[in-house]
Amino acid sequence: MIILLPTTSEQTISVMPRQSSCVDIESYISRVGESNIEAEECLIDAVDEFNNVSIYLRRDGDGKTETITDVATRLNGNYVDYIFSSEILEEGSTYFMEITESGSLAYRDKIYSTSQGDYTVKHEVSKPRYIQPTGEVNDNTYII
């Protein structure tokens, strides 16, 4: 499970995808030649558009969805960093996520959105939406 902040700011996830045909800016520059041929920002935009990566998010519970097509990719050793921003991440919500590259599935996972920084504190699942029947003992808490 990936933990993200409940914000609309840009965030990065690093994963090892099933398959990746991502072109990285450094390898692109080395193939093209000199790094001063064009502004590096233009090259980054061109490479990200060429990679054709999209991220699909679906919130558990109400099914609200978002497809993010403005995704930047960077190779990071055996991992790929996906840099994106989302409009639907809310505190305490979980999401289904699929990353596709040129229409092929690259990675699938769950996301938990929280601003909690201390991961040793137990988080109570569905606290405001679930009422424990009286007389039943159940420690419905998890460490995330």
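The values are calculated or read from the model by the stated rules, or taken from the named source; none is laboratory data. Owing to the predicted nature of the structure, the values given are computational and were not obtained by experimental measurement. For neighbour counting, all protein chains shown are included, and Cβ atoms are generated from backbone atoms with ideal geometry for every residue, glycine included.
Within region 63-87, the residues that satisfy the criterion of being of a type in the set (A, V, I, L, M) and surrounded by fewer than 17 Cβ atoms within 10 Å (Cβ to Cβ) are Leu75, Ile83. Sort out for me the strands (runs of 3 or more DSSP E) sitting completely within region 1-97 that have 2 or more residues that are modelled with pLDDT under 90. In region 1-97, 72-76, 79-84 are the strands (runs of 3 or more DSSP E) which contain 2 or more residues that are modelled with pLDDT under 90. For region 48-98, the set of residues classified as over 15 Å from Asp109 (Cα atoms), under 14 Å from the mean Cα position of the chain (by Cα) and of a type in the set (Gly, Ala, Ser) consists of Ala72, Ser85, Ser86, listed by residue number.
Would you check if Gly135 is under 23 Å from Gly63 (Cβ atoms) and at pLDDT below 90?
Numbers: under 23 Å from Gly63 (Cβ atoms): no; at pLDDT below 90: yes.
It is false that Gly135 is under 23 Å from Gly63 (Cβ atoms) and at pLDDT below 90.
Counting only residues that are in contact (Cβ under 8 Å) with a residue 60 or more places away in the chain and assigned to a strand (DSSP E or B), region 98-113 holds 11 of them.
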